[in-house]
Every structure is written in structure tokens, then in C-alpha cells.
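First comes the structure, then the notes that go with it.
The values are calculated or read from the model by the stated rules, or taken from the named source; none is laboratory data. Just so it is clear, the structure is predicted and the values come from calculations on it, not from any experiment. Every residue, glycine as well, gets a Cβ built from its backbone with ideal geometry; the counts of neighbours run over all protein chains shown.
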Ligand SMILES: [Fe+2]
Ligand SMILES: [Fe+2]
């Protein structure tokens, strides 16, 4: 199995989140692999998500080139590292940022976190197209969409989502779609500091919260129809 | 015609019992974690099998209690006018189901379990069973309760058996530094207690239904067997989908 486990095997699907039992940390920050990848990300703005960044990084640590055997596929390792690290950073943002704690409603929190996540792309802005193209390749698409779902799920959870029914799915799906659209826009965005991207994020995310509501309204209407049908039958029955 | 109706629905309009159901469900929020007492134990990790089990337990129980909630909603809708003397009995059981449902909703959110994908189907199916059996008559409605609670009670017992047998997780005593077994985290203990309490509630519903002439529904044996079968199929599905 191809993993970038860095000490732990990534779960295929997230399941039951425990509060009292140890959760495996995804990253083993002590491992040479983590240190090399972390440093390699500093070379990505220059080289892109290419093995060369890893090579440069291990050389700065003075590792022999034999350590390269840790990395089967430099591009994949770097991209996965980037996606996971930026996603996990959001959990830190929530627990450590005073600004976030001031936010009151769910939708504002979602907006805040999506923008934080997009900010994580800024240093690698030139290479987002490469990243996106790589992720939709057949061998990577499965893992890519899984990671995308985890991102939406984290953002929803951290923003205080409490959906218990189908809205749980529509809220995550709509967020994933919007996020991909924003990232695609960002890849082409030439405005200084990606101001256009962040403006678009504001616009697109303002309507997002309604999607779960749209579904629930439809369900509401269907039940209304069933109910009134029943009342009609009841009234007919008593008359006859 | 219907399209114009759809367009003119004001946003957030509430028409049906559904919105009341939903309001009742949503108004109870996730119980917030209290200030924590000093920790005595540090519990080992749950393995993948245990996590997958807990994941399924919460999903299927949530779907089951949602079903129960909607069955009573359907029965109540029909029987409250036809059999007014049953109103308090039904109301009492329904309120307990709402409490069960809310409890599992809170657990689902807290432990990041995905709800069943076909929640809309459970709602519609359960509501129809409630309405349908109640339209046949109060005996059929009570027989329906007997059938449902028999399966659910048994299912809760199965879960308790696994939780008692397969969750002995070693923990580190933070005072002595020794590894001990036979202690249970509050989290798992709470889940067990919840399931135990709810199982007792369900068996009480079963007794109530029997007291209210469920056995007079003997000619409906086909109906009760069909409902039991449906419940088992629903459990199988809700654990997975
Ligand atoms: Fe129940
Ligand atoms: Fe019950």
C-alpha cells in the first residue's frame, strides 16, 4: 500500500472520533521523513512539487542520497504532505486563534477557515495548477477526493455543524465543490495577494449555508403533501 | 400548479409535523463537556475494529431511534383523534423516543460519525409504517410496537454484549504509572449506560403495547412478521449505508 504514513497508516475512512482514548497522530514529527518534507516545502515555491525539492532538503540536513529511498514518488509525497499539513493547521487555528473564538455563527466560521486554508496555498501559488492536474490523474483521484472530503468534514466539524440527517452530506459536498472552484480560480488569479480569490470566497461562501436548508425545505414540502393527503382521506372517511 | 406552489413557499416555512419533529430534535444541543475532574487513567487507543464497531453502533442506533420517533409521530397523527384515550400513552412513549433520538444525534455529532445516507428514506418509511398500522386500528398499531421493540431490544442487547466483551482496553494509571486492565473510560461507560437505559425503555414500550391489546392483533401475524423483517433489514442497511 502506498502511504505517506510518517509513522501511522492513514485511515481509509474516518470513523468514530474518541476523546479519551489516544488518537494516532498522523504526523510523526520526529521522523527524518517529516523533517525532510517540512524543509522540502521551502523549496517548492522555486522547484514546484518535484522530487528536486526533497533532494535539496535532504542535502541541507547532510543526509546521504541513500535516504531518497524513503520517497517512492517525490511529487506525490510533497503534495500529500502539503494537503494534510494545511488541513491539520486548521485545527490549530481553531484552538489557538483568538479571532476565531470571537466568531459567532457557523457560516462565518466556515468562511474564515476556508480562507485560512486558501492562505496556505499562497506560497505555492504558481504551482497550484500542477497540484490540481496531478490530483485528478487516475492513480491519484481516489486519495485526492478522500483528502478533499476530510477537509470539508474538518471545516464543518470545527465550525460547529450539527446536521443529523441528509443535510450532513449536502453540507460537505457543497463545501467540497466550492473549495475546488475557489482553488481553480486561485490558480489563474493574477491580482496582488490573491485579493480577487478572497473576494470570490466571500461571495461564494455566503450562500453556502443555505444548501442544507434547501434540501430540508424540499423534504418539508413532501411531508406536507403526504400529510394533507392523509387529512383528505380522513375527512372523506368520516363523511362516508 | 405544483410548481407555482413550490415557488411561493416562504423561506423557512413550516407546514407539517415534520418541522415540529425537527424543531424538537434541533433545540436540544450537544451536551457541553463539563469542567473535567483530574484524570486518573490514560486510556490506550481503540483499534480499527473497535472504532468501526462504535461508528456503526452510533449510526444504526441514531437511524433506529429516528425511525421510532417517526413511527410514533405517524401513529399519533391518526390515533389522537380516533382513540383519544390512548393519547397519553402514545405521547409518553413518543417523548421517550424523541429523547432517545436526541441523545444519539448528539453522540453522532460529537464523535464525528456520519449519519445514515438514506435518512430521508428512514423518515418516510417509519412515518408510513406508523400511519399505516394506526389506520388499520389500534391493535395493529400496538402490534407494530411489539414487533419493533422486540427487534430493537434484541439489537441493543447484542451491542451491549460486544461492548462488554470486546472493549477491555489497557490503561495507564497516572498515579502509579502502572498499566491496568478492567477500567473503562467515561466515554465507553456512558455509551453502555445509554444503551442499557434505552433498552429498558424499549422493553417497557413492549409491555405497554401488550397491555393495550396488542395480542388481539393475532390475525395480523403476517403484518408483525413483516415489520420485524423490515426492522432487521433496516438495521443491516443503516449500519452500512
Ligand atoms: Fe427508542
Ligand atoms: Fe421504543
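For the stretch B:87-101, filtering for residues that are in contact with a helix residue (DSSP H, G or I) (Cβ under 6 Å, 6 or more places away or on another chain) and within 15 Å of ligand 2 (Cβ to nearest atom) leaves 8.
Residues are listed down the side, and each one gets a yes or a no for (1) in contact (Cβ under 8 Å) with a residue 60 or more places away in the chain; (2) part of a loop (DSSP other than H, G, I, E, B); (3) away from ligand 2 (no atom under 16 Å from the Cβ):
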site: B:51; (1), (2), (3): no, no, yes
site: B:56; (1), (2), (3): yes, no, yes
site: B:108; (1), (2), (3): no, no, yes
site: B:135; (1), (2), (3): no, no, yes
site: B:141; (1), (2), (3): yes, no, no
site: B:147; (1), (2), (3): yes, no, no
site: B:159; (1), (2), (3): yes, no, no
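Checking the condition within 16 Å of ligand 2 (Cβ to nearest atom) and either within 18 Å of the chain's Cα centre (by Cα) or surrounded by fewer than 19 Cβ atoms within 10 Å (Cβ to Cβ) (or both), which residue from B:153, B:190 passes?
On inspection, the qualifying residue turns out to be B:153.
From the list A:115, A:190, which one is part of a loop (DSSP other than H, G, I, E, B) and at pLDDT 90 or above?
A:190
For the stretch B:167-189, enumerate the residues that are touching a helix residue (DSSP H, G or I) at 6+ places or on another chain (Cβ under 9 Å) and either without any contact (Cβ under 8 Å) to a residue 60 or more places away in the chain or away from chain A (no Cβ under 14 Å) (or both).
Listed by number, the residues that qualify are B:184, B:188.
Of the residues making up the stretch B:102-116, those that are in contact with a helix residue (DSSP H, G or I) (Cβ under 7 Å, 6 or more places away or on another chain) and facing chain A (nearest Cβ under 7 Å) are B:105, B:108, B:111, B:112, B:113, B:114, B:115. Screening residue B:176 on (1) more than 16 Å from ligand 2 (Cβ to nearest atom); (2) part of a helix (DSSP H, G or I) shows it passes everything except condition (2). For residue A:78, the criteria (1) within 14 Å of chain B (Cβ to nearest Cβ); (2) assigned to a helix (DSSP H, G or I) hold in every case but one, which is (1). Taking the listed residues B:132, B:44, B:64, the one that is more than 14 Å from ligand 1 (Cβ to nearest atom) and touching a helix residue (DSSP H, G or I) at 6+ places or on another chain (Cβ under 9 Å) is B:132, with no other qualifying. Residue under question is residue A:143, and the condition is that it be assigned to a helix (DSSP H, G or I) and without any contact (Cβ under 8 Å) to a residue 40 or more places away in the chain; does it hold? When the stated conditions are applied, residue A:143 does not pass them. Taken together, B:77, B:124 contain a single residue that is buried (at least 19 other Cβ atoms within 10 Å of the Cβ), over 12 Å from the mean Cα position of the chain (by Cα) and more than 14 Å from ligand 1 (Cβ to nearest atom), which is B:77. Tell me whether the stretch B:74-86 contains one or more residues that are more than 19 Å from residue B:153 (Cα to Cα), modelled with pLDDT under 95 and within 13 Å of ligand 2 (Cβ to nearest atom). Yes, there is a match, as at least one residue in the stretch B:74-86 is more than 19 Å from residue B:153 (Cα to Cα), modelled with pLDDT under 95 and within 13 Å of ligand 2 (Cβ to nearest atom).
Each residue in the stretch B:107-121 was checked for being surrounded by fewer than 18 Cβ atoms within 10 Å (Cβ to Cβ) and within 16 Å of ligand 1 (Cβ to nearest atom), and 0 of them qualify.
Can you find even one residue in the stretch A:151-170 that is over 22 Å from residue B:107 (Cα atoms) and out of contact with any helix residue (DSSP H, G or I) (no Cβ under 6 Å at 6 or more places or on another chain)? Among the residues of the stretch A:151-170, not one is over 22 Å from residue B:107 (Cα atoms) and out of contact with any helix residue (DSSP H, G or I) (no Cβ under 6 Å at 6 or more places or on another chain), which makes the answer no.
Please tell me if residue B:162 is away from ligand 1 (no atom under 16 Å from the Cβ) and within 18 Å of residue B:199 (Cα to Cα). In short, yes.
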